[in-house]
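What follows is a single structure, written as structure tokens, with notes after it.
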Amino acid sequence: MKNLVFCFMLLFIYTSIYTQQTPSTNIKSELLQEKSGEKIIIPDVKINIEDESTIPIEKQETSILKDKISNYGRIDVEELTKSKASDKFKSELSKERQKEDFSLSTFKFYYGMFNNIIAEMNTGRRSGNLNYLITYLRNKHDSLGYMNNTYFNTEMNIDDLNGDIIYSVSSNVDLSTSAGYYTREIGLYNSPINITESKNNIPARFGILYNADINTMLKGDIYYNYLYLNHKMGTNYNAKNLQEAGTTLDLETHWSRDNFLKISGKYEYSCFNEDKFHFGKISAINKMPLFSSLSIQFGLEADIYNYKGMFWAPNFMVFYKYSTVLSMKGGIYGEQNNLSTEKILNENQIDYQQTLPEEKWVYLYSIQYSPFQFINLRANVSFHQYQNYLNYEYIPETDLYVFSAISNIGVVQAEGIIELIAFENLILNASYVFRQPDYDKLLFFNYQSASIGLEYTYQPWGFSFNTRLTYRDAEKYLRDAYLDPKLIWDINMSQAISKDFYIELMLKNILNQEYFERPRVPMGGFSINAGVRILL
């Protein structure tokens, strides 16, 4: 603990000295939006810290990829987790022309096999200093299955309503608030005990953003989430609830793309039935250039829990860029995933007894090579050292899976990606991922996957087409039993009838493969959905 405090002190002292010696430029930060009087609804402003295990797509300034037609955040037919439509739509609004008063609304409706109905409505407006956004998603179908296969007999209903408001008090201060209601009902009839699951979530958040100057931003918020879980097993009910409240504070100073400082703090209190959890997090990250082509990023993160020992990880990355042709990075960082509403919404369990967070250090090296403007090659190699890994464990008595924490698991991962732009309106991309753990009893662990995709747009006709073929390697679902490898083929098409009216077609799992996205949540066979998208 003393070493950790000492590291934070050194980082703070060095950052203070360096900040005083670095003259402030008049270059507006790429990541700060225009002054609040000129902006529309936007997502939270964040500095893009390049510490992910997957390689970021660093597009060239002249790349045609920047001009791709957006699909306004399509919602997949099989999506069972909380909708991200609100964030996606806010991102689209932020790209529109800055006007004194501006509004943009969309409506989408799809109908397909298994009585699948998808309805999505978004409306956003900026009027003076007031910005608001309201989104609603309805996703319903009778079954994901086909024929009499009991593994494909899952029913689902999702309703997701979100509202966001941003009010510009002055040119430097913004107030924001958001609230929502999310409910999901799903029947897992592939278990002998006949499970029906329902989840209800009510999130609320209030925040303030202060732009101290053209380079510095201070942002804080408080939030509350209420999650109610209810499982019916035969004639018995198992109900639980999770309440969490917390606050976050972020200070970001940005002098240039390769020169920024970010300090973050978070405290969260949660009550899961009768169990009470406290979680605190503090992190500091500083990126600075050494030469025109070389920069470093260094920092530290500490996560403190009341129910387990502290987790900490360094954040150190070295970046090298040779013009727009070659770039490399390598270093170490940490990640953790503690118990939260968002985590539970992404899982399907009964008891949720495993509350330990998943924690790991990641050692990463990646390279990106773009010999020509129309081709982009990327590759990375990483080693993930898990202090805690949450593995699936099968319970024969209930025919269900639960999480079991395993300590000190290592996973080697290699990834390669190629992107090719042909004829300015045709994009080809392919990827391959290989993962190898040092523990052979991991269930539903994907060792290999590969995909190849094609995107074609013809703007004079308002036509877009994209297709993707994905290979999923065999996965172990019992100690000595494996699911067969799968080949998943999807096609999406969109045709503009007028400037604001589109008809769209989605073909899912064309090869009619049986596969699982997660245990006991099977994806159905071949399905067709057709619908319209209207810009209002």
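No lab work stands behind these numbers, since they all come straight from the coordinates. Keep in mind that what you see is a predicted model, and the values were worked out from it rather than measured. Note that we place each Cβ from the backbone using ideal geometry, even for glycine, and neighbour counts take in every protein chain shown.
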inquiry  = If amide hydrogens are placed 1.01 Å from N in the peptide plane, which non-local residues have theirs closer than 5 Å to the one on Gly525?
reply    = Tyr146
query = Can you give the extra length, in nm with one decimal, that the chain gains between Tyr432 and Phe107 once fully stretched, where that is 0.36 nm per residue apart less the Cα-Cα distance?
reply = 113.4 nm
key: the stretch 433-503: relative contact order as a whole-number percent, Cα under 8 Å and 6+ apart   = 27
query = Arranged from highest to lowest average of other beta-carbon atoms within 10 Å per residue, in what order do the peptides 378-389, 263-274 appear?
reply = 378-389, 263-274
note = For Ile202 and Asn408, extending 7 Å from Cα along the Cα-Cβ vector and measuring point to point gives, in nm, a value of 4.7
ask   = For the stretch 192-233, with equal point scatterers placed on the C-alpha atoms only and solvent neglected, what are the log10 I(q)/I(0) values from the Debye formula at q = 0.15, 0.30 1/Å, to two decimals?
value = -0.58, -0.97
